[in-house]
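Structure below; questions to follow.
The values are calculated or read from the model by the stated rules, or taken from the named source; none is laboratory data. Everything numeric in this text was worked out from a predicted model, so none of it was measured. Cβ sites come from the backbone with ideal geometry, for glycine too, and all protein chains shown count toward neighbours. Only protein heavy atoms, including side chains, enter the accessible area calculation; ligands, DNA and RNA are left aside. Shrake-Rupley method; radii C 1.70, N 1.55, O 1.52, S 1.80 Å.
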Amino acid sequence: MQKQNVCVLFGGVSPEHEVSLMTAVSILENIDCDRFEVFPVGITREGKWYLYKGDVSEIPGGGWESPSLPTAVISPAHDRNLIINSGGVLSLQKLDCVFPALHGANGEDGSIQGLCAIADIPCVGPPVAASAVAMDKSVTKSVVERLGIRQAAFLHVRRHEYENDPESVLSRVGSRFTYPVFVKPSGTGSSVGISKVKSADTLRGALDEAFRYDSSLLVEEFFDGREIEVAVLGNNELTVSCCGEIIPGDEFYTYDDKYINGASADRIPAELPRDTAEEIRSRAARIYSAVGCKGLSRIDFFVHKVTNEICFNEINTLPGFTPISMYPKLLIHGGMTYPDIITRLIELSMEK
């Protein structure tokens, strides 16, 4: 059987650049090379694209960022080509699929998905509109609100509002919520820029931190719950995993907790009443479909520690694929292998 050509994109101009490198290593180490010819393309923080055929283990350390490497960019000419420039000699490489191992801005927000749509190349993961909706937490909340699904109460704040009248914003937060609250950039993942604010004295600093990463943010009520995650795989017919629980090593599941200090733990399946677990899985499928997702997403919830009330948290259209990431762990618990997951995602992109 002739191999299919898959371009794995990693890195990117995003605060989640380092997470993408870890995801790329896992994908490249587990993709079925008997079935797929892989073209790894790294995007630097400055936006330069390089074709990297070296040792996968060198990716996290930046060994792929060398001006001596061939450059490679996706052609926007609706011809499914990767344009490779090796020492001034141009060549075209046909692609059957793009697998964006990119997290956050410029990779998970519809940008790369739009480029692939223009180029007529199947792309792993949700399409443009779903990616954009899911990336902006304020828009996601509007969609979920219409479904009647419980979620944390929130206040949406834009940077210009805050800069023009910071005292008004602080007053609105104080009148709406009791502390603690969470402050989140609207368009980041991996807990980048998120703060748990315990008093009004530290609110301004948390707002300033969130605005470093986005022009809008959310202030959310604190929901005293366990962190529950569900993996969804599919286009129209969905595979919904069992519920998994994240047990944070910090007050919440921070960036360091996820990717650096390894202090968190997980429990698969989560120890939940059967009806609670099934209701979470049902809500995950409804949210996935309402947002318009295809391919994959991870849907996150809280379950109240006393009452077992379910509260939607967020949706991630390109969840982490690192060795400690919940998305592959949940599907592997259900009987798939890591290579199975990657192959199925590529197949689903072509079905779309």
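How many Å² of accessible area per residue for the stretch 197-237, probe 1.4 Å?
On the way: 1720 Å² over 41 residues.
Value returned for the stretch 197-237: 42 Å² of accessible area per residue.
Taking the chain, how many lysine pairs are there with alpha carbons less than 23 Å apart, if each pair must be eight or more places apart or span two chains?
27
Right, something else. Please report, largest first and rounded to whole Å, the three semi-axes of the ellipsoid equivalent to the chain, where each semi-axis is the square root of five times an eigenvalue of the C-alpha gyration tensor. Could you put the intermediate results ahead of the total?
Working: eigenvalues 239, 113, 65 Å².
Largest first, the chain gives 35, 24, 18 Å.
I've got another one for you. Rounded, prolate or oblate, given the Cα gyration tensor of the stretch 5-124, with a/c below 1.5 counting as rounded?
Rounded, because the longest to shortest axis ratio a/c is under 1.5.
Further, regarding this structure: For ALA153, list long-range residues whose amide hydrogen, built 1.01 Å from N in the peptide plane, is under 5 Å from its own amide hydrogen.
Distant-sequence amide H within range of ALA153: GLU221.
Using θ = phi - 60° and the Karplus relation 6.51 cos²θ - 1.76 cosθ + 1.60, list the HN-Hα couplings for the stretch 17-25 in order, rounded to whole Hz, with x at every Gly or Pro.
3, 5, 4, 4, 5, 5, 4, 4, 4
Rounded, prolate or oblate: which fits the stretch 166-231, taking a ≥ b ≥ c as square roots of the Cα gyration tensor eigenvalues, rounded meaning a/c under 1.5, else prolate when a/b beats b/c?
Details: a/c = 2.18, a/b = 1.28, b/c = 1.69.
Oblate.
For the stretch 173-244, state which trypsin sites (Lys or Arg not before Pro) are in a DSSP loop and have at most 14 other beta carbons lying within 10 Å of their beta carbon. Before the final figure, lay out the partial values.
Numbers: sites: ARG176, LYS196, LYS198, ARG204, ARG212, ARG226; in loops: LYS198, ARG212.
The qualifying sites are LYS198, ARG212.
Per residue of the stretch 88-104, in order, report the coupling 6.51 cos²θ - 1.76 cosθ + 1.60 (Karplus, θ = phi - 60°) as ³J(HN,Hα) in whole Hz, putting x for Gly and Pro.
x, 9, 8, 9, 10, 10, 5, 10, 9, 6, 10, 10, x, 7, 10, 10, x
Seen from all sides and averaged, what is the projected area of the convex hull of the Cα atoms in the stretch 87-129, in nm²? Each step should come with its number before you reach the end.
Working: hull surface 15.6 nm².
Over every viewing direction, the Cα hull of the stretch 87-129 projects on average to 3.9 nm².
Under a GNM of the chain (C-alpha, springs under 10 Å), which listed residue has the highest mean-square fluctuation: ASP266, ASP275, ASP214?
ASP275
Which one, LEU203, LEU272, LEU218, has the greatest fluctuation when you compute a Gaussian network model over the chain with C-alpha springs under 10 angstrom?
Most flexible of the set in this elastic network: LEU272.
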